[in-house]
Number of protein chains: 2
Amino acid sequence: MTRAGTQAGPGRSARDTALIADTSHPSRREQILQAAAQLFAERGARAVGVDDIGAAVGVTGPAIYRHFASKDAMLAEMLVGISERLADGARERIAEAGPEPAAQLRALIDFQVEFALDNPALIVVHDRDLPSLPGADAAAVRRLQRRYVEEWVAVLARLHHGDDAAACRARAHAVFGLINSTPHSAGRLGRPAMGELLRRMAWSAATG
Amino acid sequence: MTRAGTQAGPGRSARDTALIADTSHPSRREQILQAAAQLFAERGARAVGVDDIGAAVGVTGPAIYRHFASKDAMLAEMLVGISERLADGARERIAEAGPEPAAQLRALIDFQVEFALDNPALIVVHDRDLPSLPGADAAAVRRLQRRYVEEWVAVLARLHHGDDAAACRARAHAVFGLINSTPHSAGRLGRPAMGELLRRMAWSAATG
DNA sequence: CCAGCAGGTTAACCGTCGTTCACCGCCGGG
DNA sequence: CCCGGCGGTGAACGACGGTTAACCTGCTGG
C-alpha cells in the first residue's frame, strides 16, 4: 500500500480520468498537500507526523522538506488556500447572480454545498486546526474567513431587512454549520440527493 | 475514587480565588475538568499541556495526577460525560413530549439549543478532539453519539415518512451542525435572542 | 496528641517528533 | 562524458511535554 509507485511520464495517462482533471497533474507538492489534508482531517493536524505524511505519498518523512519549509507552513498554505477559494468564489457567484438578494442567496448556498461535498476533508481541517497555526498565518486566515462571512451577511441583511448585523451573522454561521455537516454524514446518501437535501434545508433555515 | 466532597472548611488558603468566583463550590476534580474543557476548546486538546491546566486552577502540572490517571483519561471522562448527558437527555425529553412526532422534534430542538448555549466549550471539544482519544474510549463515545443520533432519526422518520433512514440521518446531522454553530457566533447576540433564532432556523431546516 | 492520608511541590526521566545534516543516485544539457 | 542540482535517504539532535519519584504539609478522626 505504501508503494505509490511510478507515476509514468507527464501527459500520458489522461484518457480514463475525464472528470478528475484537476487532480491529474500531481506535482509531488500537490500530492503531498492532498494526502496531508486527508490525514489531518482524520486525526487532527497535531496528531499526524511528517513520517505519516511522507508514507502516504511513498517517501520518507524528511523528504517533505524538499517541498515545504515546515509542517506549519504546509498547514498554513492549506488553510489560506481554502479560505481564498471560498472568499473569491463567493464574490464571483454573487456577481453572476444579478441584483436580487434571493438569487444571490441561492447562489451562495449552491456554492457552499458544492464546496462542502467536493472537499469534506478541507472542511474539517478548516475549523478544527486553525488554532494550531502560528499567529500571523492564523490572522490571515481569519481575515479571509471574515470577508467570506461578510459576503453572506450583506446578502442576508437585504433579505431580512428588519434584522441587525449580529443576527445575520449568527444566521450565516448557522447555515455554514448546517452545510458543513457533510463530513459527519459521510457517504450513505448519494451525492446528488445529498446536495439537493442540503440546498433545501439551507434555504429553509436561511429564510424561514 | 475519593468523593472529595469535603472542602476543608472555611477557605482561607493563600490565593485560591484566582478565576473561580462565580460557580458555587465544585470539587477540585470538577474545577479541573471545567478549566480543561475551556482550554481544550480554545486551543485543541493536544495543544494544551498539563501545566496549563494546572495553572488554570492555581496548582502545578503534576497535581493533576492526584485526580486523574492521565490526560487522556480526563479527555475521555469529558467526552463520555457529554455524550451521556445528550443521549439520556434526548430520551427523557422525547418521553415527556408525548406521542406526537412534531412535539417530540420540538422538544429535541429545544434540548439541543439549550445544551449548545450552555456548553459551547464542550460542543467544540466534542467533535474536534474525539480522534485523539485512545481507541476504546473513542468507541464508547461513538456508541453514545450513535444512540443520540438514532433518537433523532426515529422522530424525523415519523415526520417525513417518505424518506429513508440515510436521508433522515443526514438531516439530523445537518440540524446538529446548525445548532452547534453557537461557538462560532459567540456572544454578539443575547442568549434569549440567539436561542429563539436557532430554534426557528432548526425547525425550518428539519421540516422544510 | 499522634498517625495518616489527601493533595501539592520540585526535579528528573523519557519517548515522541519536528527539523537538520551529510551523503547519494538519477537525469538533462553543455 | 561529465556535471549540477533536484529529490530522496538514514542518522542524529534538541525541544517539548506527559508521567513518575521523592518529599512535604496541614487537616481530621481515633
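Readers should treat all values here as calculations from the given coordinates under stated rules, not as data from a laboratory. None of the values given here were measured: they were computed from a predicted structure. Don't worry about glycine lacking a Cβ; one is built from the backbone with ideal geometry, like all the others, and counts go over all protein chains shown.
Some notes on this structure:
- Between the C-alpha center of the stretch B:41-119 and that of the stretch A:44-109 there is a gap of 30 Å.
- Cα centroid separation, the stretch A:142-180 to the stretch B:135-166 (Å): 29 Å
- A convex hull fitted to the Cα coordinates of the protein assembly as shown yields 179 cubic angstrom per residue.
- In terms of its C-alpha gyration tensor, the stretch A:34-122 has a prolate overall shape, because the principal axis ratio a/c (a ≥ b ≥ c, square roots of the eigenvalues) is not below 1.5 and a/b outweighs b/c.
- Using θ = phi - 60° in the Karplus curve 6.51 cos²θ - 1.76 cosθ + 1.60, the 3J(HN,Hα) couplings for the stretch B:114-123 round to 4, 4, 5, 6, 7, 10, x, 5, 4, 4 Hz; x is entered for Gly and Pro.
- Applying the criteria of a DSSP loop state and at most 14 other Cβ atoms within 10 Å to the trypsin sites (Lys or Arg not before Pro) of the stretch B:112-199 yields B:Arg188.
- Computed over the Cα atoms of the stretch B:71-207, the ratio of the radius of gyration to the Kirkwood radius (Rg/Rh) comes to 0.97.
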